[in-house]
């Protein structure tokens, strides 16, 4: 019968919560930086004295940079959501339990990925199925 309470001590939970909150705060800071730098100069400002070829290349570079920034923003948003879910599980007392089988997630896995939701066995099964 799987455990229904977090396998971590209160001290471990406190340390993991702090780590998750710090990581979430850093991700928010990165997201703000990306938004400020990516959307500071609209593409229409890429006009000027440059030849058509130079302008075209600049526009291509700007488009690539915007797509890169959008991808980074999406990754940051995804990771932030995972961290928020982990913090919710801490509040519910179910942090560190596999969402699929209910057994404790390996502590080494949680230390590497504090927002992990699946034990190693179920994560591998998910990757094979996906």
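Of the residues 22, 122, the one with the fewest other Cβ atoms within 10 Å heads the list, and the complete ranking is 22, 122. Of the residues 68, 103, 24, the one with the fewest other Cβ atoms within 10 Å heads the list, and the complete ranking is 68, 103, 24.
We did not get these values from a lab; they are worked out from the coordinates using the rules stated. If you're wondering where the values come from, they're calculated on a predicted model, not measured in any experiment. Every residue, glycine among them, receives a Cβ derived from its backbone with ideal geometry; neighbour counts consider all protein chains shown.
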